[in-house]
Amino acid sequence: MNHTNRDKPHPQGSENLITSQKNAFPLIVGTFRSPEIYTLHFHPPSPASSSSSPTTSGELSVAHTTAAAGGHSWLALSPTHTHLYTTVWADPPTIASYTLHPNTTVPTLLNTAPIASLSGYVAVTPSGRHLISVGGPSGEVFALQPDGSIGAHVQTLAFRTPAELDDGKRDGVAHGAFGGLRWGSHSVDLSPDGKSVYVADIGHNCIWAYALDEANEREPLTLRTKHVSPRAHDGPRHCWPHPSGRVLYCVQEHSGMVDAFAVGADGTSLAHLHGHTLLPEGKDCGAYWADEVRTSQMYGENGGGSSSSTPRWLYASTRGLEKGTKGYVAAYELDEEGHIRGPAVAIYETRTSGGLANAVEPAPRKLYERMGLPIEGEGAEEFIALTDSEEGWVVILGWNGKRFREVAAVKLEGATAATAVWV
């Protein structure tokens, strides 16, 4: 399908789009049901500005709108950031691949591939050789072609027997079931070394841990462990590894907890360390559905010019189940081993409930370096993209180690923001 006639380019042309991007943080935003992909540019406050000032703001704008293969609820970049992979919320369900323009990061559709059930999440292996999709009762592994397009289907994953298809179903709650995503597998993430895969399963209240062997072209994934959550009502939704690979974090959709697990030497054995709520005191977790967890990106590799070679902060978010219930973003301090030091240092109330989103995505360190922004010390501020599907906002939060603030925001025209990735 040719989508070019529906594209909405930068109003001043592609040359200005390239110039604008040189002075900005580029990010791509998908939607749940609208067939568009948005390229946004974030211009941060000047390096001389203090992050302690609530009036110091940046600018966030829509640089380009690209017609898409469908609603893209989840986005994943290739290791080289040259290709974009997405869920496609359509009937029948598919996943999609795009190539990114090297100067403008504007996506161009390569191809789509059919899958068995609605995908909640896609992830690319660190080698860039395979794409993994999971959602509800099933999942798939695909080979990736040299041009970045989705190739052959090489493995099927099953998380439900026919008798289990409705186990854990939350009847009568807001927003429905999303084809099983509300009571089935929901996310897939890889260990930093690319040898282990973690699938959070809301309905089975567990994390499935797989060993990944990409030399095995027929079945690269082998199930190793099923780690049942520490509480009966947790509902594991999303996982995220510490860069050391020795700690795995999980946000629990039902209980609103953020848990840390020690990862064994085999990469698939998990042992619960501790957990903390992401809700303010007195809030009922039954009125919320937790969404996302991510580590800070403001740290160096082997020092990297920074005194910290591991992330100091962990971020997590939740949404209100009803429109009138605002969502939250919480920040936790990590020690050098990646353990959570204690309860949330700060909890930020979002503009809206967040709708289906309130997903958080910290900007990568390389973008601060390119823009000449401080990584640590006085004036250092981490920027975090926050998406809202209730009203369509994309917000950039700033975190200075003490409190959150809203640095910039833009409302998508006629669409609801799902997730964002920094390019």
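The values are calculated or read from the model by the stated rules, or taken from the named source; none is laboratory data. Here the structure is a predicted model, which is why all the values come from computation and not from measurement. Note that each Cβ is placed from the backbone with ideal geometry, even for glycine, and that neighbours are counted across all protein chains shown.
Residue-wise test of (1) in a strand (DSSP E or B); (2) under 20 Å from the mean Cα position of the chain (by Cα).
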residue	(1), (2)
L118	no, yes
V122	yes, yes
S127	no, yes
A143	yes, no
P146	no, no
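Between a residue in the range 309-333 that is in a loop (DSSP other than H, G, I, E, B) and of a type outside the set (D, E) and any residue that is at pLDDT below 95 and crowded, with 17+ Cβ neighbours inside 10 Å, which pairs come within a Cβ distance under 8 Å, given they are 6 or more apart or on different chains?
Listed by first residue and then by second, the contacts come to S309/Y299; T310/Y299; P311/M298; P311/Y299; R312/M298; R312/Y299.
It is to be established whether one or more residues within the range 363-379 are part of a strand (DSSP E or B), crowded, with 20+ Cβ neighbours inside 10 Å and not hydroxyl-bearing (S, T, Y). Quick ask: steps written out before the conclusion?
Just the residues of the range 363-379 that are part of a strand (DSSP E or B), to begin with: none.
There is no residue in the range 363-379 that is part of a strand (DSSP E or B), crowded, with 20+ Cβ neighbours inside 10 Å and not hydroxyl-bearing (S, T, Y).
Mind checking which residues of the range 387-420 are of a type in the set (A, V, I, L, M) and surrounded by fewer than 20 Cβ atoms within 10 Å (Cβ to Cβ)? Walk me through it before giving the result.
Filtering the range 387-420 down to residues of a type in the set (A, V, I, L, M) leaves 394-397, 407-410, 412, 415, 417-418, 420.
Across the range 387-420, the qualifying residue is only A409.
Only one of (1) aromatic (F, W, Y); (2) out of contact with any Phe, Trp or Tyr (no Cβ under 7 Å at 6 or more places or on another chain); (3) farther than 19 Å from G30 by Cβ fails for Y348. Which number is that?
(2)
Tell me, yes or no, whether the range 402-411 has at least one residue that is closer than 24 Å to D234 by Cβ and either in contact with a helix residue (DSSP H, G or I) (Cβ under 7 Å, 6 or more places away or on another chain) or assigned to a strand (DSSP E or B) (or both).
No, because not a single residue in the range 402-411 is closer than 24 Å to D234 by Cβ and either in contact with a helix residue (DSSP H, G or I) (Cβ under 7 Å, 6 or more places away or on another chain) or assigned to a strand (DSSP E or B) (or both).
For the range 183-204, which residues satisfy the criterion of being polar (S, T, N, Q) and either at pLDDT below 95 or in a strand (DSSP E or B) (or both)?
S185, S187, S196
In a strand (DSSP E or B), more than 27 Å from E376 (Cβ to Cβ), within 23 Å of the chain's Cα centre (by Cα) and not aliphatic (A, V, I, L, M), is that true of W289?
Yes; evaluated as a whole, the condition is true for this residue.
What's the total number of residues in the range 201-223 that are in contact with a Gly (Cβ under 9 Å, 6 or more places away or on another chain) and under 17 Å from G120 (Cα atoms)?
The total comes to 5.
Within the set of pairs 6 or more residues apart or between chains, which connect a residue that is touching a residue at least 40 places away in the same chain (Cβ under 8 Å) inside the range 186-199 to a residue that is basic (K, R) and in a strand (DSSP E or B) with Cβ atoms less than 6 Å apart?
From residues that are touching a residue at least 40 places away in the same chain (Cβ under 8 Å), the pairs are H186/R237.
If we keep just the residues of the range 78-116 that are β-branched (V, I, T) and in a strand (DSSP E or B), which is nearest to D201 (Cα to Cα)?
Of the range 78-116, the ones β-branched (V, I, T) are 80, 82, 86-88, 94-95, 99, 104-106, 108, 112, 115.
Still in the running and in a strand (DSSP E or B): 86-88, 94-95, 99, 108, 112.
Values: T86: 20, T87: 17, V88: 20, T94: 20, I95: 20, T99: 30, T108: 32, T112: 25 Å.
This residue is T87.
Hey, can you tell me all the residues within the range 242-268 that are over 19 Å from V329 (Cα atoms), in a strand (DSSP E or B) and among the charged types (D, E, K, R)?
Of everything in the range 242-268, nothing turns out to be over 19 Å from V329 (Cα atoms), in a strand (DSSP E or B) and among the charged types (D, E, K, R).
Identify all residues within the range 107-163 that are more than 20 Å from L212 (Cα to Cα) and of a type in the set (D, E, K, R); write none if there are none.
Residues satisfying the conditions are D147, R160.
Determine the pairs where a residue that is closer than 25 Å to D388 by Cβ and free of Cβ contacts under 8 Å to residues at least 60 places away in the same chain, located within the range 70-86, has a partner that is of a type in the set (D, E) and not in a strand (DSSP E or B) with Cβ atoms under 7 Å apart, the partner being 6 or more residues away or on another chain.
Correct list of pairs: empty, since none qualify.
For T325, state whether it is over 27 Å from H272 (Cα atoms) and of a type in the set (S, T, Y).
Against the criterion (over 27 Å from H272 (Cα atoms) and of a type in the set (S, T, Y)), T325 qualifies.
From the set of residues in the range 106-123 that are crowded, with 22+ Cβ neighbours inside 10 Å and hydrophobic (A, V, I, L, M, F, W, C), which is farthest from D291 (Cα to Cα)? Write out each step before concluding.
Filtering the range 106-123 down to residues crowded, with 22+ Cβ neighbours inside 10 Å leaves 106-107, 115, 117-122.
With hydrophobic (A, V, I, L, M, F, W, C) added as a condition, the list becomes 106, 115, 118, 122.
On the way: V106: 27, I115: 24, L118: 18, V122: 16 Å.
Step by step, filter the range 106-123, then rank; the result is V106.
Would you confirm whether or not the range 269-290 contains a residue that is of a type in the set (A, V, I, L, M) and either more than 26 Å from G203 (Cα to Cα) or modelled with pLDDT under 95 (or both)?
There is no residue in the range 269-290 that is of a type in the set (A, V, I, L, M) and either more than 26 Å from G203 (Cα to Cα) or modelled with pLDDT under 95 (or both).
Quick one: is W393 farther than 24 Å from H81 by Cβ, among the aromatic types (F, W, Y) and in contact (Cβ under 8 Å) with a residue 40 or more places away in the chain?
Against the criterion (farther than 24 Å from H81 by Cβ, among the aromatic types (F, W, Y) and in contact (Cβ under 8 Å) with a residue 40 or more places away in the chain), W393 qualifies.
Yes/no per residue for (1) among the polar types (S, T, N, Q); (2) surrounded by 22 or more Cβ atoms within 10 Å (Cβ to Cβ); (3) modelled with pLDDT of 90 or more:
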| position | (1), (2), (3) |
| --- | --- |
| T39 | yes, yes, yes |
| F42 | no, yes, yes |
| S46 | yes, no, no |
| S73 | yes, yes, yes |
| P93 | no, no, yes |
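Quick check on my filter: what residues within the range 61-71 are among the aliphatic types (A, V, I, L, M), closer than 14 Å to T105 by Cα and buried (at least 21 other Cβ atoms within 10 Å of the Cβ)?
Answer for the range 61-71, where residues must be among the aliphatic types (A, V, I, L, M), closer than 14 Å to T105 by Cα and buried (at least 21 other Cβ atoms within 10 Å of the Cβ): just A63.
Test A420 against the stated conditions and say whether it is closer than 19 Å to K326 by Cα and in a strand (DSSP E or B).
no
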